[in-house]
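The values are calculated or read from the model by the stated rules, or taken from the named source; none is laboratory data. Keep in mind it's a predicted model, so treat the numbers as computed, not measured.
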Amino acid sequence: MTSMTEAVAGARAHIEAALVARATSDTAFRELLKSNPHAAIREMFGNDPIPSMKISVVEEQAGEVLLVLPRSIAEDELPDELLDYASGGSLDKCLRDIGFFTPIEGRGLW
């Protein structure tokens, strides 16, 4: 994972934890979060940083476990780990990082 995707994942985890904590202690906020997540985010943080993103909130029931799978990556899509390279990164570094090339010691190739 790149530092950018790590930062985004960290921010998402922080926001989710704050929303869950408030929903646990505030019944009205919990209902708002379930019925209108964007309004709940605006109420909690003062704005909605991702208004175009669909947000689904599901409440686990007793005896139920919810498993959230990450979205599938299409064959023509780059995974987050390679997006930095696509925006002007180094081809040789990209190929080394994904294990396509290995350094040859003593040759000064990298």
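Filtering the stretch 1-46 to residues that are polar (S, T, N, Q) and at pLDDT 90 or above leaves T24, S25, T27, S35, N36. Checking each residue in the stretch 10-46 for being among the acidic types (D, E) and in a loop (DSSP other than H, G, I, E, B) picks out only D26. Here P49 fulfils each of the conditions (1) at pLDDT below 95; (2) not in a loop (DSSP other than H, G, I, E, B) apart from (2).
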